[in-house]
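Shown next, in structure tokens, is the structure this report addresses.
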There are 6 protein chains.
Amino acid sequence: MKVKISRKEHFNAAHRLFNADWSDEENARVFGKCSNPNYHGHNYEVIVSLTGEPSKETGYVFDMKALSDLIRENVLKKFDHQNLNLDTEFFKELNPTAENIAIVIWRILRQKIDSNLELKITLYETERNVVEYPAS
Amino acid sequence: MKVKISRKEHFNAAHRLFNADWSDEENARVFGKCSNPNYHGHNYEVIVSLTGEPSKETGYVFDMKALSDLIRENVLKKFDHQNLNLDTEFFKELNPTAENIAIVIWRILRQKIDSNLELKITLYETERNVVEYPAS
Amino acid sequence: MKVKISRKEHFNAAHRLFNADWSDEENARVFGKCSNPNYHGHNYEVIVSLTGEPSKETGYVFDMKALSDLIRENVLKKFDHQNLNLDTEFFKELNPTAENIAIVIWRILRQKIDSNLELKITLYETERNVVEYPAS
Amino acid sequence: MKVKISRKEHFNAAHRLFNADWSDEENARVFGKCSNPNYHGHNYEVIVSLTGEPSKETGYVFDMKALSDLIRENVLKKFDHQNLNLDTEFFKELNPTAENIAIVIWRILRQKIDSNLELKITLYETERNVVEYPAS
Amino acid sequence: MKVKISRKEHFNAAHRLFNADWSDEENARVFGKCSNPNYHGHNYEVIVSLTGEPSKETGYVFDMKALSDLIRENVLKKFDHQNLNLDTEFFKELNPTAENIAIVIWRILRQKIDSNLELKITLYETERNVVEYPAS
Amino acid sequence: MKVKISRKEHFNAAHRLFNADWSDEENARVFGKCSNPNYHGHNYEVIVSLTGEPSKETGYVFDMKALSDLIRENVLKKFDHQNLNLDTEFFKELNPTAENIAIVIWRILRQKIDSNLELKITLYETERNVVEYPAS
């Protein structure tokens, strides 16, 4: 009798798609405008989903307010109003594609959430572009 | 060749999170503002999903108009503009968390939908808080 | 060279439409389900708009963060997770229709905002029902 | 370490639900207003999802810009501002229900996308009616 | 102390942009894909706004339920699931652009609404294209 | 018989709020996280509104497709995937607040649109923060 609960939060950040092993020309060819050396940015919407059995006592899988606080403390504080390439430890060498940002957020939160709860990250980079990790 | 179809409906209701086995202090400590004895409320969005093979004759898994009518008759009539704790039979002793409301709606509709169709309920309590039952 | 800026916030509340000068039958006849004595509720979206000239120094008409804080302190603290009829001072005798809630919010904030800025309130009671005060 | 990425595009089209094996009366009885002989129409939102492992080099499962181009070239060019029954090859004999449109789009794109990527189509016919193929 | 209230409804329709005084080539040149002789269609969102003083007795400018019924009876019954060019009396000779549809809806409803209330129509043809009549 | 038409487009950009006459400390004090020297970014939604009389011949105030092309050519080409402070001529000395971005877009488009049409810019910086120029 498992239920999946999800909480949506958002952050605004600058980034640049970039592979340090490649020349500037190669980066421009593959990533186009997304590799602008002066950066561009997005309003990211991040949805954190937890799957488990509701507590008999509270009726909660997880307290939404506590989940919101957990995301703010561990994700938004690190990413909101930041330059993902320059200001965070995660994308010094990892390309900050939506796919990689979702995986990084999953890894951060996986350590903070009890292992009996499944964890999934959904990340909207724009209203039309979205990624989910893990995929199912 | 299964297709999943979904129909969204909404209802407005008051509720209060409350565990009758606990003192008022304990309820306030665990549920915070959500346990206000005078109630608060939400615009709930309920999405009912059915999975099955489209009919060769109609191209439908299920007629969306018939699904909308089924939800209105069996769910909205019971919940819309009601106090979930006081006015419905379901939450006299069950805490009306989003998780429990979704499970209750699933149980109501499961009896009305042919068993060869999988049934899933998605319930938005706010734009940022959503639950799904069953989880997958 | 006036610019209008707007900030959206939300609160969840219970309410009941009710005219104390009328019988219960009259209230039920006029307000229908909205007069349920046990209350129902909504996710209200409130948009506060200020019109004025951007500051030469900051480029702001008003700091959006400061506007958000002002709304939270003066409106959300009073209305969020409350029963508008029972828990607030404003609707003891005033019917909490969307129109009246918007007027009350305008009066609260008008005292907190410099008079050289025009103030307007837009209130969504549901996604399909919205009111604006003043009208233009 | 699979990630699911999704790209949303839209097209506007006319259609009519119709089973050529049935009389007009039978079509009207089963499909109601949706079988109007003069057609009606929708703003369709189509979401194309691909699941696979992000490339070590690019951090992409699939370039979103390339996915957008692929959908425009293979789906939108055929469907946008068209009458699905009259102007496309797909619905001469197949009833253009949302279910069938999703299956047709899946078949078109399945030939264009490398088979190591899972493909899923989500189609909104209205904001309240949506179908997904395959179902999971 | 005027308040503006708005109610959103929707209808789905087929249409074709067409000026009967022009050749087919001229229509195609000016209206492009929108003049497809086999029609295309949209999910139209229509927002009806009324401005006036809230009643002292009810707190309403106008009962939203009554406004919804009025729109359904006078607009949706005529336009929903119809071909605007062929099935309605309004666009036999008038081109069904979003501008003209909004003006027609305004004229229909102006006769049904007390003249002490200002009336405004907002019509979304797509999420990105919207018209308002009158303009202010 | 004037009608207002509006077209929505979007662009993604990096920016930093910054007054060059102030010390870094003063900028940090006034603009907080928005003055991060490494920039942050947004998905901007820009809505361009034109008010005028519909043409008798076309039923258009302005062709939406032509308006979209005009915005893409004159605004999106300059701003999309750019760093507003570094990559554009407009914000070398002007602080790129939402207010100032809207005024700049208005000035760019005012030169391209016939003066018998009123022009208004609405700019969403986030879903919750929006500015309009001119204000009415």
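Here are the criteria: (1) within 14 Å of chain E (Cβ to nearest Cβ); (2) part of a strand (DSSP E or B); (3) open to solvent by less than 20 Å² (accessible area, probe 1.4 Å). Tell me which single one D:Ile5 does not satisfy.
So the condition that D:Ile5 fails would be (1).
From the list B:Glu99, B:Glu73, exactly one residue is under 12 Å from the mean Cα position of the chain (by Cα) and among the acidic types (Asp, Glu). Which is it?
Values: B:Glu73 fails: under 12 Å from the mean Cα position of the chain (by Cα).
From the options B:Glu99, B:Glu73, the qualifying one is B:Glu99.
Quick check: is even one residue across region C:24-47 modelled with pLDDT of 95 or more, more than 12 Å from the chain's Cα centre (by Cα) and more than 21 Å from B:Gln82 (Cα to Cα)?
Checked region C:24-47: no residue is modelled with pLDDT of 95 or more, more than 12 Å from the chain's Cα centre (by Cα) and more than 21 Å from B:Gln82 (Cα to Cα).
What number of residues within region E:62-71 are crowded, with 18+ Cβ neighbours inside 10 Å and either touching a Gly at 6+ places or on another chain (Cβ under 6 Å) or farther than 20 Å from E:Ile103 by Cβ (or both)?
The qualifying residues number 3.
When you go through A:Asn116, A:Asn100 one by one, which is the residue that is polar (S, T, N, Q) and at the interface with chain D (Cβ under 7 Å from one of its Cβ atoms)? Spell out how you get there, then give the answer.
Values: A:Asn116 fails: at the interface with chain D (Cβ under 7 Å from one of its Cβ atoms).
Exactly one residue qualifies, and that residue is A:Asn100.
Please go through region F:110-128 and pick out each residue that is closer than 17 Å to F:Phe79 by Cβ and not in a loop (DSSP other than H, G, I, E, B). Steps first, please.
Going residue by residue through region F:110-128, those that are closer than 17 Å to F:Phe79 by Cβ are F:110-112, F:121-126.
Result: F:Arg110, F:Ile121, F:Thr122, F:Leu123, F:Tyr124.
Taking into account only those residues within region F:81-95 that are without any contact (Cβ under 8 Å) to a residue 40 or more places away in the chain and hydrophobic (A, V, I, L, M, F, W, C), which is nearest to the other protein chains (Cβ to nearest Cβ)? Write out each step before concluding.
Our first condition is that a residue be without any contact (Cβ under 8 Å) to a residue 40 or more places away in the chain; within region F:81-95, this holds for F:86-90, F:92, F:94.
With hydrophobic (A, V, I, L, M, F, W, C) added as a condition, the list becomes F:86, F:90, F:94.
Working: F:Leu86: 5, F:Phe90: 12, F:Leu94: 7 Å.
Applying the filter and picking the extreme gives F:Leu86.
Please identify the pairs in which a residue from region A:35-56 that is at the interface with chain F (Cβ under 9 Å from one of its Cβ atoms) and under 17 Å from A:Thr97 (Cα atoms) has its Cβ atom under 7 Å from the Cβ atom of a residue that is among the basic types (Lys, Arg) and surrounded by fewer than 20 Cβ atoms within 10 Å (Cβ to Cβ), counting only partners at least 6 apart or on another chain.
From region A:35-56, the pairs are A:Glu45/A:Lys8.
Going through D:Ile71, D:Ile5, D:Ile47 one at a time, which residue ends up being among the β-branched types (Val, Ile, Thr), farther than 17 Å from A:Ala135 by Cα and touching a strand residue (DSSP E or B) at 6+ places or on another chain (Cβ under 9 Å)?
On the way: D:Ile5 fails: farther than 17 Å from A:Ala135 by Cα; D:Ile47 fails: farther than 17 Å from A:Ala135 by Cα.
One residue alone meets the criteria, D:Ile71.
Look at B:Val75 and say whether it is out of contact with any Phe, Trp or Tyr (no Cβ under 9 Å at 6 or more places or on another chain), hydrophobic (A, V, I, L, M, F, W, C) and under 30 Å from D:Gly32 (Cα atoms). Working first, answer last.
Values: out of contact with any Phe, Trp or Tyr (no Cβ under 9 Å at 6 or more places or on another chain): no; hydrophobic (A, V, I, L, M, F, W, C): yes; under 30 Å from D:Gly32 (Cα atoms): yes.
Here the answer is no, as B:Val75 does not meet what is asked.
Looking at A:Leu109, is it within 12 Å of the chain's Cα centre (by Cα), within 14 Å of chain F (Cβ to nearest Cβ) and either open to solvent by 50 Å² or more (accessible area, probe 1.4 Å) or of a type outside the set (Gly, Ala, Ser) (or both)? Walk me through how you get there before you give the answer.
Numbers: within 12 Å of the chain's Cα centre (by Cα): yes; within 14 Å of chain F (Cβ to nearest Cβ): no; either open to solvent by 50 Å² or more (accessible area, probe 1.4 Å) or of a type outside the set (Gly, Ala, Ser) (or both): yes.
No; evaluated as a whole, the condition is false for this residue.
Please state which of the following conditions E:Ser136 fails to meet, knowing it meets all the rest: (1) assigned to a loop (DSSP other than H, G, I, E, B); (2) more than 14 Å from chain F (Cβ to nearest Cβ); (3) open to solvent by 20 Å² or more (accessible area, probe 1.4 Å).
Of (1) assigned to a loop (DSSP other than H, G, I, E, B); (2) more than 14 Å from chain F (Cβ to nearest Cβ); (3) open to solvent by 20 Å² or more (accessible area, probe 1.4 Å), only one is false for E:Ser136: (2).
State which residue is farthest from C:His42 (Cα to Cα) when the search covers only region B:8-26 and only residues that are open to solvent by 10 Å² or more (accessible area, probe 1.4 Å) and of a type in the set (Gly, Ala, Ser).
Filtering first and then ranking leaves B:Ser23.
With respect to B:Gly59, determine if the residue is under 30 Å from D:Leu119 (Cα atoms) and either of a type outside the set (Asp, Glu) or open to solvent by 40 Å² or more (accessible area, probe 1.4 Å) (or both).
Details: under 30 Å from D:Leu119 (Cα atoms): yes; either of a type outside the set (Asp, Glu) or open to solvent by 40 Å² or more (accessible area, probe 1.4 Å) (or both): yes.
The answer is yes for B:Gly59.
Output the number of residues of region C:72-97 satisfying the condition of being of a type in the set (A, V, I, L, M, F, W, C) and open to solvent by 10 Å² or more (accessible area, probe 1.4 Å). Break it down stepwise before answering.
First, the residues of region C:72-97 that are of a type in the set (A, V, I, L, M, F, W, C): C:75-76, C:79, C:84, C:86, C:90-91, C:94.
Going one step further and asking which of them are open to solvent by 10 Å² or more (accessible area, probe 1.4 Å), we end up with C:76, C:86, C:90, C:94.
Residues flagged as of a type in the set (A, V, I, L, M, F, W, C) and open to solvent by 10 Å² or more (accessible area, probe 1.4 Å) within region C:72-97 amount to 4.
Would you tally the residues in region B:11-23 being in contact with a helix residue (DSSP H, G or I) (Cβ under 8 Å, 6 or more places away or on another chain) and more than 7 Å from every other protein chain (Cβ to nearest Cβ)?
Filtering region B:11-23 for residues in contact with a helix residue (DSSP H, G or I) (Cβ under 8 Å, 6 or more places away or on another chain) gives B:11, B:13-19, B:22.
If we keep only those that are more than 7 Å from every other protein chain (Cβ to nearest Cβ) too, we end up with B:11, B:15-18, B:22.
Summing the residues that are in contact with a helix residue (DSSP H, G or I) (Cβ under 8 Å, 6 or more places away or on another chain) and more than 7 Å from every other protein chain (Cβ to nearest Cβ) in region B:11-23 gives 6.
In the list F:Thr126, F:Thr122, which residue meets the criterion of being of a type in the set (S, T, N, Q), modelled with pLDDT of 95 or more and either more than 15 Å from the chain's Cα centre (by Cα) or under 28 Å from F:Glu26 (Cα atoms) (or both)? Give the steps one after another, and end with the answer.
Details: F:Thr122 fails: either more than 15 Å from the chain's Cα centre (by Cα) or under 28 Å from F:Glu26 (Cα atoms) (or both).
The match here is F:Thr126.
The values are calculated or read from the model by the stated rules, or taken from the named source; none is laboratory data. Worth saying up front: this structure is predicted, and the values here are computed from it rather than measured. Every residue, glycine among them, receives a Cβ derived from its backbone with ideal geometry; neighbour counts consider all protein chains shown. The area values use the complete protein model at the heavy-atom level, side chains included, leaving out ligands, DNA and RNA. Shrake-Rupley method; radii C 1.70, N 1.55, O 1.52, S 1.80 Å.
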